[in-house]
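A quick write-up on the structure given underneath.
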Amino acid sequence: MGKTMTAAVPPPPLARDGLPLFLTELPEGDRVELSGPEGRHAATVTRLRVGEHLLVSDGRGGIGRAEVTSVAKDTLSARILQRAQEPEPALRMTLVQALLKGDRSELAVDQSVEVGVDALVPWRAAHSVVRWDSGPRGAKALERWRFMARAATKQARRSWLPPVSEAVNLTELVERVRAATLAVVLHESASARLSSIELPTTGELLLVVGPEGGIEPSELSRLVEAGARPALLGDTVLRASTAGVAALGVLSVAGGRW
């Protein structure tokens, strides 16, 4: 008689257990060291001690559970006890967020990463009060978005760090819409509700959210001509900083993530 073939059993998911997560390169062996800002945060802010557990991730799906073996002022060493490579979602959700005034852009970045967005694109919309120039001020603002995305990734204990691209203008956004598997633009004049749109199972889902002053009719026309579908969240009007987060929640349910 031939041998009976059995299907491979996937390993159990790596347990987070409320442990703090730190982003660093993962070694091939079982020894990992945190230094720089991550080491300082682990040693002096979180105050981890020898024998305690933590999570480490490379931000590209690799994640490990480790036990602290030594602590210094700005560094921490640990032994990896369990590790996993978590796959990227088959359907990637990208949020195109128009630039917002004050700290509302940062709030949108923080919360969208926490709820599971896979990539972020800042948009210089016509009604955006904030204008990112191509000099130091624009670079500083972009770096702030990336810092917020990194912090939210750690807060949510995610193994994938969502990239934040350079800010785009309308012409560049139109090209992103054409390249996406499905592009949806939130707009109060839309007749279809977001929850009614059938989602693809793979590829990129591009979600476009306008600024406080709304999306210009000419902007909406160009996005729709490129293939974007206007959609309505509901009967109430949400702030520009929370509309994307709410929409990501709807899409996460519809796509089976939640």
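FYI, it's all coordinate maths here, none of it is from the lab. Predicted, not measured: the structure shown is a model, and the values here were computed from it. A quick note on method: Cβ atoms are made from the backbone with ideal geometry, for glycine too, and the neighbour counts reach across all protein chains shown.
Lys/Arg Cβ at +1, Asp/Glu Cβ at -1, dipole of segment 179-258 taken about the Cα centre: which of S221, G234, G255 is farthest positive-ward?
G255
How many nm separate the modelled label positions at R178 and I80, each set 7 Å beyond the Cα in the direction of the Cβ?
The answer from the label model is 4.2 nm.
How large is the helix-only mean residue ellipticity at 222 nm for the chain, computed as the sum of -39500 (n - 2.57) over DSSP H runs with n ≥ 4, divided by its residue count, in deg cm²/dmol to the nearest 500? Kindly include the intermediate steps, with their values, before the conclusion.
On the way: 6 runs with 72 residues, N = 258.
Value at 222 nm, helices only, nearest 500: -8500 deg cm²/dmol.
So what J values fall out for segment 59-74 if you push phi through Karplus, 6.51 cos²θ - 1.76 cosθ + 1.60 with θ = phi - 60°, rounded to Hz, Gly and Pro as x?
x, 10, x, x, 8, x, 9, 10, 10, 5, 10, 7, 9, 10, 4, 10
If you count the DSSP beta bridges with both ends in the chain, what percent of them are antiparallel, to the nearest 5? Before the final figure, lay out each step's value.
On the way: 19 of 44 bridges.
Of the beta bridges lying entirely in the chain, close to 45 percent run antiparallel.
Based on the mean of other beta carbon atoms within 10 Å per residue, what is the order of 166-175, 117-126, 98-107, most packed first? List each step's numbers first, then the result.
On the way: 166-175: 15.5, 117-126: 21.7, 98-107: 18.8.
Top of the packing list down: 117-126, 98-107, 166-175.
Ordered by packing density, taken as the mean number of other Cβ atoms within 10 Å over each peptide's residues, highest first, how do 224-232, 13-21 rank?
Details: 224-232: 17.1, 13-21: 13.3.
Result, highest mean first: 224-232, 13-21.
Residue by residue, what Karplus-based ³J(HN,Hα) values in Hz, rounded to whole numbers, does segment 183-194 have, using 6.51, -1.76 and 1.60 with θ = phi - 60° and x for Gly and Pro?
Karplus values, whole Hz, x for Gly and Pro: 10, 10, 10, 6, 7, 5, 8, 5, 9, 8, 7, 4.
Hey, what do the phi angles of segment 42-52 turn into as Karplus ³J(HN,Hα) couplings, whole Hz, using 6.51/-1.76/1.60 and θ = phi - 60°, x for Gly and Pro?
Rounded to whole hertz, the list is 5, 7, 10, 9, 6, 6, 5, 10, 4, x, 7.
Checking understanding here: applying a Kyte-Doolittle mean of at least 0.5 and a length along the axis of at least 20 Å (C-alpha), which whole DSSP H helices in the chain pass?
Numbers: long enough: 136-156 (30 Å, -0.81); 240-254 (22 Å, 1.74).
Span-like helices here: 240-254.
How large is log10 of I(q)/I(0) for segment 172-236 at q = 0.15, 0.18 Å⁻¹ when the intensity is taken from the Debye formula with one equal scatterer per alpha-carbon?
Per q value, in the given order, log10 I(q)/I(0) is -0.43, -0.62.
To the nearest 20 Debye, how big is the dipole of the chain about its Cα centre, given +1 on the beta carbon of each Lys and Arg and -1 on that of each Asp and Glu?
Working: 31 positive and 30 negative charges, 95 e Å.
About 460 debye.
Can you give me the relative contact order of segment 40-94 as a percent, contacts being Cα pairs under 8 Å and 6 or more apart? Walk me through the intermediate numbers first.
Values: 93 pairs, mean separation 17.3, N = 55.
Normalised by residue count, the contact order of segment 40-94 is 31 percent.
Along the charge dipole of the chain, Cβ charges K/R +1 and D/E -1, which of L91, I63, N169 sits furthest on the positive end?
Comparing the listed Cα positions along the dipole, I63 ranks first.
Using amide H atoms built in the peptide plane, which far-off residues or other-chain residues are under 5 Å from E86 H to H?
Under 5 Å from the amide H of E86: G62, I63.
Out of residues 5 or more away from V185 or on other chains, whose amide H comes under 5 Å of its own, with H placed 1.01 Å from N in the peptide plane?
Under 5 Å from the amide H of V185 lie the amide H atoms of V208, R229, A231, each far enough along the sequence or on another chain.
Using a simple spin-label model with points 7 Å from Cα along the Cα→Cβ vector, what separation in nm is obtained for K73 and S196?
It is 6.4 nm.
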